[in-house]
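Below is one structure, written out as structure tokens; comments come after it.
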Amino acid sequence: MATESDSSRRQPKGDKRDRTRSRLLEAARSLIREKGYEHTTLEAIAERAGMTTGAIYGNFKNRDELFLALGQTYWTPIKPKVRPGAKFPEIMRALADATLAAMPDRSAAAVGRLTGMAYALTHEELRAKVTAFTAQSYAFGEEWLRSVVREEDLPMPAGQLVRVIHALSEGLVFQRLLTPELMPDAIFRAAFAALWKRTATH
């Protein structure tokens with residue numbers, strides 16, 4: 001019978017790397033919740049994770065790369081469940097439902113997200129990286145949108161629409177977290193419905 005040390009030695013190195021990254025990201029997330037991005041240091045992250053700063057540099061080039069990885073891990077894209085051949089109104093309803101379903105995860109990560117955005121606004125190098133990553137996400141979203149609905153059925157070009165949807169969902173999420181009494185589920189559904197109703201009247 002294999003001992004625990006034997007089995008751990010046989011685990012793929014990739015698994016250990018993934019576990020290390022996860023521990024570092026979770027430590028960073030908890031510290032940012034407490035202190036904000038500006039006051040979260042790599043040394044503090046390593047200490048919270050029970051590791052050395054060498055472990056951080058073995059997984060991330062620098063502080064900015066670690067912060068970007070936080071967004072990719074804890075603020076993942078909203079993915080609606082859309083059946084093949086769905087019409088645009090159905091897609092918008094699915095997006096509203098998916099945005100609402102993402103609220104618990106968004107709530108847990110919101111402070112980090114907001115302080116990260118504020119930090120990026122005053123750090124040009126990080127802002128440039130966020131812009132490049134967001135542009136890639138928009139390109140992916142545009143490609144997905146064109147794959148599920150005809151461009152002529154959209155209220156605006158697909159490239160514009162993915163940006164509008166992103167801004168709409170982010171705004172709804174943050175306002176719901178700030179003033180939940182004023183932002184019931186019906187508001188989310190009405191906001192997305194406004195996009196498909198526009199196509200019906202033009």
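The values are calculated or read from the model by the stated rules, or taken from the named source; none is laboratory data. The structure presented is a predicted model; accordingly, all values stated were derived computationally and were not measured. Glycine also receives a Cβ, built like all others from the backbone with ideal geometry; neighbour counts cover every protein chain displayed. Note: accessible area is taken over every heavy atom of the protein model, side chains too, but ligands, DNA and RNA are not part of it. Shrake-Rupley method; radii C 1.70, N 1.55, O 1.52, S 1.80 Å.
Side notes on the structure shown:
- ARG21 accessible area, 1.4 Å probe, all protein chains in place, Å² to nearest 10: 70 Å²
- For segment 25-30, the Karplus equation 6.51 cos²θ - 1.76 cosθ + 1.60, evaluated at θ = phi - 60°, returns couplings of 5, 5, 5, 5, 4, 5 Hz by residue, with Gly and Pro reported as x.
- Set LYS129/LYS197; LYS79/LYS197; LYS35/LYS81; LYS87/LYS129; LYS16/LYS81 screened for pairs whose C-alpha atoms are more than 29 Å apart: LYS129/LYS197; LYS35/LYS81; LYS87/LYS129; LYS16/LYS81
- Solvent-accessible surface of the chain, taken per residue with a 1.4 Å probe and all protein chains present: 60 Å².
- Counted charge near THR131, where neighbours are those whose Cβ lies closer than 14 Å (Asp, Glu -1; Lys, Arg +1): 0
- Relative to the Cα centre, the charge distribution of segment 60-202, modelled as +1 at Lys and Arg Cβ and -1 at Asp and Glu Cβ, gives a dipole magnitude of about 220 debye.
- Short-range pairs are left out: with C-alpha atoms under 8 Å and at least six residues apart, the relative contact order of the chain is 21 percent.
- Dipole axis of segment 69-167 (+1 Lys, Arg; -1 Asp, Glu on Cβ), positive-most option in ALA135, PRO104, ILE91: PRO104
- Loop sites in segment 109-202: GluC sites (Glu not before Pro), DSSP, at most 15 other Cβ within 10 Å: none
- Expressed as a whole percent, the accessible surface of segment 69-141 that belongs to carbon and sulfur atoms is 63, based on a 1.4 Å probe.
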